[in-house]
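Chemist: The structure that follows is given in the form of C-alpha cells.
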Amino acid sequence: MAASSASHVAVIGAGIVGLAAALEIQRAGHRVVLIEPDEPGGRQSASYGNGCWLNPGAIMPISLPGLWRKVPGFLLDPTGPFVIRWRDLPRLAGWLLDFVLAGRNWQLVEACARTRFQLCKDAVGEHIALADEAGVPELIRREGLMYVYLDRSEFLAERVWRMRREFGVAFSEVGEAELRSMQPELGERYRFGARLDGGAYVVDPGAYCRALAELALRRGAERVTARATGFDFADGRLRAVLTEAGPVACDKAVIAAGIGSGELARQAGDRVPLISERGYNVVIPEPGFDIPCGLMPSDGLMGVVATRQGLRLAGQVELADVGAPPDWRRTEILLGFARQMFPKLKIDESRLDRWMGHRPSTPDGLPCIGVSSGSADVFHCFGHSHTGLIQAPSSGRLVAALVAGAAPPFDLAPFSAGRFR
C-alpha cells in the first residue's frame, strides 16, 4: 500500500480481538496506535481468564429452543451453571427477552451456527501462525480437544455434532477403553468421548496477548496507556479518539474494548445491547497429573486445560452488573465437578487462584463487526462472548478489510450493529 493511502488507525482495546485486528491492520500497511489503560491480556481482561480452547467447532449459540422454560430456574438456583442475580433482573429483562427469542427455533439456531462457523473454521491455523510470528509457538498446544460424556447416548442427543459433521469439522468418537487409555486419571463415570481432532488450546492466554502486543509494537505500533472515552468528529469525519489522557489524533478507529465497547458504540451512532456474561475460573497448581488435551465434561460444561500455572477450570455464566462483587461460589461449583472428573486430584486450597471476568455478549450470539452508523471512520469489532479467542483472527481480518476499503472475505450483514435497531 502506498504511503499516501495509508491511514493512522486507533485500535481501542488490547485484548485478543483488538490485538488480532491491530496486527491485520498493520499487515495492510496502516499505522496503528493501541489505546488500552491496562496491561494487554492482564487479569482485568476476558482474554486473560478464558477457557483457553481453540475450537473450530464453536458454532452453537447459548440460546436454544425451549430455553425460556429454564429462566425461572436461573433466578431460583444460585448454584446452577447459568444464574441471574435478582437485583439486576429489571435492567437485564430486555436483553433476556431478545436472548430467548434469538434461539426460539432450530432454523434460527442453525443459521447462527453457520455464521459463527465462518469466524471459527480457519482459526487454529491462524493462531499457530500468529504465535510463530510473535516468537511463542510453545504457547499453542495441538493435541486436540475432547468432550467427555457419561455415555454415548448423551453425545447422540446433542444436535451440534450433526451440524459439525455437516460443516466439515473433523471429530472422532472415543469409546470407553480408548478413553481410559488416553485419559487414565478420568473418573469411571465418564465412558465416552468426542474428540475435535483439529482443536488446540493456549497454555497461557495472558502471555500470548502480551507477546502479540509486543509484536505489534516491534512493527511500529504506538501505545497509549489510557481509557478511551469518546470521539472527536467534524462533519462526520473522525479527528481523534478522546481518552482520559487527552485526544489521540487518528483517521480511523476500531472499537474492540470488550465490555467497555457499548458506550463507545453509542457515541459512534449505534445502540448495541451488550452485557457482561460474567465468567469464572479457578487454577489448581500442581494437581498431581497432566492431561494431554483440553477436556469438557457433559455434566460440568467447563473447559479443563493444563496451563503453565496449573489445571484451569473455566466456565459458568452469571448475569449481573459489571460492578457487582464476584460470587466465589461459582468457583466452588467448578471444583466440585473437577473432583468428580479426577478422583485422584490434589487440591491445596491455600494455593488456588480464582478469577472472574466479563464476557461482552450480545443477545443473538454474534459479535458486532462493521462500519458504525455515525461515521464511516469508526468500526465495530466486539461482542464475541464466550468465543473471542477462537474468533479473533477472522474478526481481525474482517475489520482490517473494512479499514482498507476492501471487500471482506464473507458477508458481514449478520454482524451489523444495525440488526438491533
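Chemist: Quick one: pull the percentage of alpha-carbon pairs in the chain with a separation above 41 Å.
Modeler: Value for the chain: 12 percent of Cα pairs lie more than 41 Å apart.
Chemist: Also, I was wondering about something else. With the contact rule set at Cα under 8 Å and sequence spacing of 6 or more, what percent relative contact order holds for the range 178-269?
Modeler: Relative CO of the range 178-269 lands at 14 percent.
Chemist: In degrees between 0 and 90, to the nearest 10, how far off the longest principal axis of the chain does helix 205-218 point, with axes built from Cα atoms?
Modeler: The angle comes out at about 20 degrees.
Chemist: What are the aspartates and glutamates whose alpha-carbon lies under 17 Å from the alpha-carbon of K344, with same-chain residues fewer than 8 places away excluded?
Modeler: Straight-line reach from K344, under 17 Å: E185, E188, E286, D290.
Chemist: Using a cut-off of 18 Å between alpha-carbon atoms, which aspartates and glutamates can reach K252, once sequence neighbours fewer than 8 places away in the same chain are excluded?
Modeler: Partners within reach: E24, E36, E222, D232, D235, E263, D270, D377.
Chemist: Under a cut-off of 16 Å between alpha-carbon atoms, report the aspartates and glutamates in cross-link reach of K70, not counting same-chain residues fewer than 8 places apart.
Modeler: D98, E318
Chemist: Which FRET efficiency, nearest 0.05, do E176 and D411 yield, Cβ-Cβ r, R0 41 Å?
Modeler: 0.40
Chemist: With a 10 Å Cβ neighbour count serving as the proxy for reagent exposure, in which order, fewest first, do L345, L301 appear?
Modeler: The order, fewest Cβ neighbours first, is L301, L345.
Chemist: What ranking do 371-384, 277-290 get when scored by the average of other Cβ atoms within 10 Å per residue, highest first? Could you put the intermediate results ahead of the total?
Modeler: Values: 371-384: 23.7, 277-290: 19.0.
Ranking the peptides 371-384, 277-290 by packing returns 371-384, 277-290.
Chemist: Would you calculate the separation in nanometres between label points at R218 and D353, each defined as 7 Å from the Cα along the Cα-to-beta-carbon direction?
Modeler: 2.4
Chemist: What do you get for the angle between helix 89-102 and the principal long axis of the chain? Use alpha-carbon atoms, 0 to 90 degrees, nearest ten.
Modeler: Once rounded, one gets 80 degrees.
Chemist: With label points built 7 Å along Cα→Cβ from the Cα atoms of E133 and A28, find their separation and express it in nm.
Modeler: Between E133 and A28, the simple spin-label model gives 1.3 nm.
Coordinate-derived values only; no laboratory data. What you see is a predicted model; the values in this text were computed from it and never measured. All Cβ positions, even for glycine, are placed from backbone atoms using ideal geometry, and neighbour counts span all protein chains on display.
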